[in-house]
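The values are calculated or read from the model by the stated rules, or taken from the named source; none is laboratory data. These numbers come from a predicted model, not from an experiment. Reconstructed Cβ throughout: ideal geometry from the backbone, glycine too, with neighbour counts over all protein chains shown. To get the accessible areas, we keep the full protein, side chains included, count just its heavy atoms, and leave off ligands, DNA and RNA. Shrake-Rupley method; radii C 1.70, N 1.55, O 1.52, S 1.80 Å.
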Amino acid sequence: MAFALPSRAYDLQMLDRPADRARDHGWVYGLPPGISSEQWPLDLVTGFPLMHGFTLKLPEDYRVHGEDIVAVSFFATAPDHNDGGAPDDPEIREAVAARPAHPRLSRMTDILDYEYAALLLTKAEYEGAFAAPPAPLPLATADRPRWLDVGGASAFFEAAAPYAKKMFAAQLRADLSETRAIALVPRATDPNAGKGPQDEHTRQNPPTGYQPYYYYVGGVPSRDNFRLHDWGKDHAHNHLGGTMRPCQAVPEMSPFYIEFEEYFGGYNFGGGNAQLDFKDMKFDWACG
């Protein structure tokens, strides 16, 4: 499929109010839209529903899967199920794999073999009713994740560090449908818009012209010579496309990716952040 590369990147702001689909660009926490409960992806590790992290309405220049695909919903292993490495139960995996799946479901695993998933949504799906989480598999033996009882927003707030709680004016409502709005703001300057992130020393694909957000004075790598480019100093941590600021190595991805922090959905990334390439359906995170 031929497609144009985006000419700009966008900061993603999580606002301290519930989402309004008529004016916002999606939501964090809450429930996914426009799918049936049977299409909600279950965790291949535990048999419980994966936690909905966010749904983002894509601007037109990032609709890489066609004009009809207007949004992406991201799901993750619940933070209280993510600790030290995923166990493997073939019975649970086989039972989950046998269930009906959304036609545009992509599954991904991390280095610890925990589960993540993304759904590509049509306009009708994005504007549809919120889905109810399905029941866990009868085979599921893990403890029930907290978000299933109070919602992802409240579960995050309960467990969040003091600095994260300061992002909210009050405790988040204990309800599965509680959301926080996403606002999309074009970056004033980002030379990496439309360029796939890569590290020039470890890349496996042809160079994209991607520039790191930092440089070394005189080209001599050292702590004293480390500097940030002026063009990146006002970039938000959560963003769509453009310059990546991973906590560790740069994962090689397409220009169509989202970088986000733990609070942007309520995950356990070891204090780090994550990247989702929704064109090639790659996922990566690293601890801080």
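Filtering the stretch 100-117 to residues that are in a loop (DSSP other than H, G, I, E, B) and touching a strand residue (DSSP E or B) at 6+ places or on another chain (Cβ under 7 Å) leaves H102, R104, D110. E158 satisfies every condition listed in (1) under 21 Å from the mean Cα position of the chain (by Cα); (2) of a type outside the set (A, V, I, L, M, F, W, C); (3) more than 28 Å from A132 (Cβ to Cβ) except (3). If I filter the stretch 82-97 for residues that are under 15 Å from Y126 (Cα atoms) and in contact (Cβ under 8 Å) with a residue 24 or more places away in the chain, do I get at least one hit? Taking every residue of the stretch 82-97 in turn, none turns out to be under 15 Å from Y126 (Cα atoms) and in contact (Cβ under 8 Å) with a residue 24 or more places away in the chain. Take the residues of the stretch 150-177 that are in contact (Cβ under 8 Å) with a residue 12 or more places away in the chain and not hydrophobic (A, V, I, L, M, F, W, C): which is surrounded by the most Cβ atoms within 10 Å (Cβ to Cβ)? Selected residue: G152.
Within the stretch 18-57, the set of residues being aliphatic (A, V, I, L, M) and either touching a residue at least 60 places away in the same chain (Cβ under 8 Å) or in contact with a Pro (Cβ under 7 Å, 6 or more places away or on another chain) (or both) comprises A19, V28, L31, I35, L42, L44, V45, L50, M51, L56.
Of all residues in the stretch 73-98, those being touching a strand residue (DSSP E or B) at 6+ places or on another chain (Cβ under 6 Å), more than 24 Å from A181 (Cβ to Cβ) and assigned to a loop (DSSP other than H, G, I, E, B) number 1.
For the stretch 207-234, residues that are without any contact (Cβ under 8 Å) to a residue 24 or more places away in the chain, open to solvent by 50 Å² or more (accessible area, probe 1.4 Å), over 19 Å from P6 (Cβ atoms) and not β-branched (V, I, T) total 13.
Could you check how many residues of the stretch 246-261 are surrounded by fewer than 22 Cβ atoms within 10 Å (Cβ to Cβ) and either within 16 Å of G288 (Cβ to Cβ) or at pLDDT below 95 (or both)? Here the count works out to 7.
In the stretch 136-146, the count of residues that are touching a residue at least 24 places away in the same chain (Cβ under 8 Å), under 21 Å from the mean Cα position of the chain (by Cα), within 17 Å of T46 (Cα to Cα) and open to solvent by less than 70 Å² (accessible area, probe 1.4 Å) is one or more.
Residue-wise test of (1) over 23 Å from E259 (Cα atoms); (2) outside any loop (DSSP other than H, G, I, E, B); (3) open to solvent by 10 Å² or more (accessible area, probe 1.4 Å); (4) of a type in the set (S, T, Y).
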position: W27; (1), (2), (3), (4): no, yes, no, no
position: L44; (1), (2), (3), (4): yes, no, yes, no
position: G47; (1), (2), (3), (4): yes, no, no, no
position: A71; (1), (2), (3), (4): no, yes, no, no
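Applying the set (1) open to solvent by 30 Å² or more (accessible area, probe 1.4 Å); (2) in a loop (DSSP other than H, G, I, E, B) to D284 leaves exactly one unmet item: (2). Candidates are the residues of the stretch 5-15 that are out of contact with any Lys or Arg (no Cβ under 7 Å at 6 or more places or on another chain) and part of a loop (DSSP other than H, G, I, E, B); the one that is surrounded by the fewest Cβ atoms within 10 Å (Cβ to Cβ) is S7. In this structure, is D20 surrounded by fewer than 23 Cβ atoms within 10 Å (Cβ to Cβ), touching a helix residue (DSSP H, G or I) at 6+ places or on another chain (Cβ under 9 Å) and among the charged types (D, E, K, R)? Judged against the criteria, D20 is not a match. For residues in the stretch 188-206 being open to solvent by 60 Å² or more (accessible area, probe 1.4 Å) and polar (S, T, N, Q), which is modelled with the highest pLDDT? Step by step, filter the stretch 188-206, then rank; the result is T189. Annotation note: Cβ proximity below 7 Å between a residue of the stretch 185-206 that is at positive phi and a residue that is surrounded by 21 or more Cβ atoms within 10 Å (Cβ to Cβ) (sequence gap 6+ or interchain) occurs for G194/P6; G194/P255.
Scanning the stretch 118-164 for residues that are among the hydroxyl-bearing types (S, T, Y) and assigned to a loop (DSSP other than H, G, I, E, B) yields a count of 1.
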